[in-house]
1. Over all pairs of distinct alpha carbons, what does the Kirkwood formula give as the hydrodynamic radius of the chain, in Å?
2. Using a simple spin-label model with points 7 Å from Cα along the Cα→Cβ vector, what separation in nm is obtained for Thr15 and Leu82?
3. Considering the zone a paramagnetic label at Leu2 would reach in this model (a point 7 Å from Cα along the Cα-to-Cβ line), which residues of region 82-126 have amide N under 13 Å from it?
4. Quick one: Cα centre-to-centre distance for region 43-58 and region 72-96, in angstrom?
5. Between Ser64 and Gln26, what FRET efficiency follows from the Cβ-Cβ distance if R0 is 41 Å, with the result rounded to 0.05?
6. Lysine pairs in the chain with Cα distance under 21 Å, only those 8 or more apart or on different chains: how many are there?
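Laboratory data are not the source of any read-out in this text; all were calculated from the coordinates shown. All of these numbers come straight from a predicted model, not from anything done at the bench. Positions of Cβ are backbone-derived with ideal geometry, glycine not excepted, and every protein chain shown enters the neighbour counts.
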Amino acid sequence: MLEIKPIQTKADQETACTRCGIPYDQDCMAYAAHEDGEFIGMCQFNIEAERGYIKNLALREGLSDFEALFLLGRATLNFIDLCGIHKAACSEDAAEERVVTAIGFRRGEDGVYLADMTHMFEGCGGESAGKMSGNSTPARN
């Protein structure tokens with residue numbers, strides 16, 4: 001079963017980045033994807049002013065799993081949206097274009113990938129939509 005959870009420490013985030021072959025950014029928060037308890041990928045992101053920003057969306061080196069990347073990206077956008085931020089950008093090299101567009105980003109005329117999450121997650125989860133339980137916020141420090 002695929003599980004997507006926040007990475008709780010910067011040391012764990014740095015290790016995950018190494019395993020995915022991406023540069024560690026201490027200023028980013030991160031989510032990790034685990035399949036049957038085994039780490040398979042991560043997303044580094046931050047929230048700046050009125051916009052979220054996905055910097056990296058990557059699997060562990062040697063893996064290929066479109067669905068896992070899609071769900072990891074959507075979970076990250078959902079978290080950003082739950083924080084009250086309804087716009088996001090994505091770095092051009094965060095992931096393959098087909099993944100970036102599948103999770104909701106569109107390339108603007110200036111070449112920047114942007115997503116508008118207004119209404120994107122409405123109706124998801126029934127009565128509990130918009131509510132988070134437990135410690136579901138990724139580590140910032």
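1. Kirkwood hydrodynamic radius for the chain: 15.1 Å.
2. 2.4 nm
3. Only 99-100, 102-103 pass the distance filter.
4. If you average the Cα positions of each part, the centres end up 6 Å apart.
5. 0.90
6. Lysine pairs meeting the criterion: 5.
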